[in-house]
Amino acid sequence: MTEYEKLLDHAEKNNITVIENYPLESKRLKGLYCDGVVALGKNMETDAEKACILAEELGHHYTAVGDIVLQSSAANRRQEMRGRIHAYDRLVGLHGILNAYRHHCQSFSETAEYLNVTEDFLRDAISYYKGKYGAYTTVDNYVVLFEPAVAVLELTK
């Protein structure tokens, strides 16, 4: 089961309706959430892209209040970011980075493919984690570096 299919299953189990291939008016807009319904635009080509957008819209279901479409408000921008963070943590997360390392992913594109996310989404998630944790953080028996490049170091006992 792909990550996208898992997200669709999660939505169904939580009574969240997902409408695929919805004709959204803007080509920039790929997804929209409103009152328990997620509309996914028809301008997406891969399941990885659909998973990234669906995860963010599900994040809005769990974190947003009211209409946040207009991003001119700081409060709306914060709520938009909370939806993205929810998606980053669900699809990537520090454990996802560790699992990609354990599965011998050697490049950014291999890691994105392993996690079944787009490279842009992975880049944004890494940027978020770098802002949250700084240059590195420790998880279990590993150090996850965010600069100068993403890397994982296993700590010896």
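The values are calculated or read from the model by the stated rules, or taken from the named source; none is laboratory data. Please read all numbers here as calculations on a predicted model, not as lab measurements. A quick note on method: Cβ atoms are made from the backbone with ideal geometry, for glycine too, and the neighbour counts reach across all protein chains shown. Keep in mind that these areas ignore ligands, DNA and RNA; they rest on the heavy atoms of the full protein, side chains included. Shrake-Rupley method; radii C 1.70, N 1.55, O 1.52, S 1.80 Å.
Which order do 1, 81, 44 take by accessible area at a 1.4 Å probe, largest first?
Largest to smallest exposure gives the sequence 1, 81, 44.
Can you bin the range 1-64 into rounded, prolate or oblate? Criterion: square roots of the alpha carbon gyration tensor eigenvalues sorted a ≥ b ≥ c, rounded for a/c under 1.5, prolate for a/b above b/c, oblate for the rest.
oblate
Which of the three applies to the range 106-157, rounded, prolate or oblate, going by the alpha-carbon gyration tensor with a ≥ b ≥ c and a/c under 1.5 meaning rounded?
Because a/c hits 1.5 or more and a/b fails to exceed b/c, the range 106-157 counts as oblate.
Within the set of other residues whose C-beta is less than 10 Å from the C-beta of residue 100, count the net charge using Lys and Arg as +1 and Asp and Glu as -1.
Neighbour charge sum, excluding residue 100 itself: -1.
For the range 1-48, please report how many Lys pairs fall under 20 Å Cα to Cα, leaving out neighbours fewer than 8 apart on the same chain.
4
Which one of 61, 129, 117 has its Cα pushed farthest toward the positive end of the charge dipole of the chain, where Lys and Arg give +1 and Asp and Glu give -1 at the Cβ?
Toward the positive end, the furthest listed residue is 129.
Would you please give the FRET efficiency between residue 120 and residue 10, computed as 1/(1 + (r/R0)^6) with r the Cβ-Cβ distance and R0 = 22 Å, to the nearest 0.05?
0.45
Taking the Cα centre as origin and putting +1 on Lys and Arg beta-carbons and -1 on Asp and Glu beta-carbons, what dipole magnitude results for the chain, to the nearest 20 debye?
It comes to approximately 480 debye.
When the convex hull of the C-alpha atoms of the chain is computed, what volume per residue in Å³ does it have?
For the chain, the hull spanned by Cα atoms encloses 132 Å³ per residue.
Over the chain, give the accessible area per residue in Å² for a 1.4 Å probe, as an integer.
Result: 60 Å² per residue.
Rank-order 137-150, 12-25 by packing density, defined as the average count of other C-beta atoms within 10 Å over each peptide's residues, highest first.
The most tightly packed comes first, giving 137-150, 12-25.
Heavy atoms only, probe 1.4 Å: what % of the accessible area of the chain goes to carbon and sulfur, would you let me know?
50 percent
Could you list the residues of the range 1-28 with an amide nitrogen less than 20 Å from a label point located 7 Å from the Cα of residue 113 in the Cα-to-C-beta direction?
1-5
When only Cα pairs under 8 Å and 6 or more residues apart are kept, what is the percent relative contact order across the chain?
Here the relative contact order equals 15 percent.
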